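The values are calculated or read from the model by the stated rules, or taken from the named source; none is laboratory data. These numbers come from a predicted model, not from an experiment. No Cβ is skipped: glycine too gets one built from the backbone with ideal geometry, and neighbour counts run over all protein chains shown.
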Amino acid sequence: MRQNELFVKTRREAPKDEESINAQLLIRAGFVDKLMAGVYTFLPLGWRVFQKIENIIREEMEGLGGQEILMPSLQPKLNWEKTGRWDNYDSLFKFTSFYTKTEYAMGPTHEEIISPLLAKFVSSYKDLPKYVFQIQNKFRDEARAKSGLLRGREFFMKDLYSFHRDEADMEKYYEKAKKSYLRIFNKVGIGKFTYLTYASGGTFSKYSHEFQTITPAGEDMIYICDKCKIAINKEIINEQNSCPNCGNKNLREKKAIEVGNIFKLKTKYSAPFDLKYKDEAGIEKEVIMGCYGMGLNRLMGAIVEIFHDEKGIVWPESVAPYKVHLLSLGGKGNIKKFADKIYKNLQKSGTEVLYDNREASIGEKFNDADLIGLPHRLVVSEKTGNKIEVKKRVEEKTRLVNEKELLKII
């Protein structure tokens with residue numbers, strides 16, 4: 001991508017109405033634009049990051065046997081009344097049709113849609129288990145939309161639902177899902193900061209599980225058990241003051257961001273919609289369910305909260321919008337020709353490259369490169385001659401290489 005063709009421009013100053021680092025940097029660097037509190041537009045660079053995250057998640061969900069669908073955002077009141085959540089879900093956006101006077105909800109989650117959907121296709125033990133997921137925008141009437149991408153009123157979520165004959169089968173799949181989630185966090189670069197965290201199971205089970213990423217920007221407080229390499233959230237600690245795994249009371253308190261959660265739903269959402277199957281003896285039984293959520297906006301915001309410095313964002317290579325930022329520090333003549341050649345050769349090699357060919361000052365180009373935060377910076381100038389200056393975003397040192405060496409390195 002030639003940078004002079006991007007319609008988006010960077011900003012020197014952070015927006016005054018944004019407190020969080022992720023929102024400040026993502027807006028300044030031209031990754032997102034704020035429409036209103038809790039609602040953001042993904043701009044070209046931000047959308048590329050989003051798609052990298054999305055593809056990592058999708059690959060893992062398909063590896064778990066998940067079949068991808070897309071469910072409606074617009075949901076009927078009747079389904080929410082069947083589960084008893086129409087009047088009890090505190091962040092539900094509701095509205096009435098001007099023409100039909102029918103009441104609807106804007107989907108904050110999809111248990112009320114997926115359960116009646118599967119009831120149309122599941123009738124026998126031979127139809128189970130099944131695993132269905134989607135990646136879709138959600139809506140929640142969030143009272144505290146103040147943390148950038150971490151807490152929004154409209155956002156994208158991956159929700160996977162599993163359907164089983166019995167709890168034993170669900171438990172096996174639940175354990176597989178835990179491992180898959182940890183692989184996702186490793187792939188996007190935050191694995192070593194992220195803990196499987198015990199949380200309340202509410203009416204579903206004794207425990208559910210969150211995945212919490214350690215950062216000073218976190219809104220949650222977790223307690224880490226270094227013996228088990230897991231964490232416990234504040235609600236569980238208040239109840240038992242020890243690790244549920246080993247009983248250890250010597251726990252470390254840390255701020256964290258929740259980046260995923262998984263629940264054993266059991267029959268809570270199968271029962272209201274008559275989601276049943278007949279076993280081998282012809283006896284009708286309720287389908288056992290599990291659900292597995294992950295917010296993509298929140299994950300992107302968490303990555304920025306962890307990977308940044310005083311100059312800007314420092315993207316992990318797996319989710320960076322481009323691998324290489326090529327800077328041409330000469331608008332005409334041989335420097336431009338050489339930079340154009342490097343750009344074309346990188347593209348031919350399959351390397352994702354953002355080419356700063358703008359008519360801008362050297363200082364502006366360097367500052368923008370640091371702010372945008374791509375993994376590798378390449379500079380072509382009079383000073384570098386017929387070589388290319390190479391620098392990693394995470395390092396201060398630079399080195400000069402020729403074209404052949406560059407392609408081997410990158």
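The table that follows gives values for the structure above.
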quantity: Evaluation of PHE42 against (1) surrounded by 16 or more Cβ atoms within 10 Å (Cβ to Cβ); (2) out of contact with any Gly (no Cβ under 6 Å at 6 or more places or on another chain); (3) in contact (Cβ under 8 Å) with a residue 60 or more places away in the chain; (4) under 30 Å from ARG358 (Cβ atoms) (one fails), failing number; calculated: (3)
quantity: Residue within region 220-235 that is within 16 Å of TYR195 (Cβ to Cβ), touching a Leu at 6+ places or on another chain (Cβ under 6 Å) and not β-branched (Val, Ile, Thr) present; calculated: yes
quantity: Number of positions in region 2-37 that are farther than 18 Å from ASP370 by Cβ and either more than 16 Å from the chain's Cα centre (by Cα) or loosely packed, with under 14 Cβ neighbours inside 10 Å (or both); calculated: 15
quantity: Members of region 241-267 found to be touching an Asp or Glu at 6+ places or on another chain (Cβ under 9 Å), surrounded by fewer than 18 Cβ atoms within 10 Å (Cβ to Cβ) and under 23 Å from SER205 (Cα atoms), listed by number; calculated: ASN248, THR267
quantity: Those residues of region 347-381 which are surrounded by 22 or more Cβ atoms within 10 Å (Cβ to Cβ) and of a type in the set (A, V, I, L, M), in sequence order; calculated: VAL353, LEU354, ALA369, ILE372, LEU374, LEU378, VAL379, VAL380
quantity: Leading residue by the ranking (modelled with the highest pLDDT) among those in region 327-346 that are of a type in the set (S, T, N, Q) and either surrounded by fewer than 14 Cβ atoms within 10 Å (Cβ to Cβ) or part of a strand (DSSP E or B) (or both); calculated: SER328
quantity: Test for LEU182: is it of a type in the set (A, V, I, L, M, F, W, C), on the phi < 0 side of the Ramachandran plot, at pLDDT 95 or above and surrounded by fewer than 22 Cβ atoms within 10 Å (Cβ to Cβ); calculated: yes
quantity: All positions within region 55-79 that are in contact with a Leu (Cβ under 9 Å, 6 or more places away or on another chain) and closer than 12 Å to LYS187 by Cβ; calculated: ILE57
quantity: Spans of strands (runs of 3 or more DSSP E) in region 227-305 with at least 2 residues closer than 30 Å to ALA320 by Cα; calculated: 230-233, 252-266, 288-295
quantity: Whichever residue in region 310-321 is in contact (Cβ under 8 Å) with a residue 24 or more places away in the chain and surrounded by fewer than 20 Cβ atoms within 10 Å (Cβ to Cβ) and, among such residues, is farthest from the chain's Cα centre (by Cα); calculated: LYS311
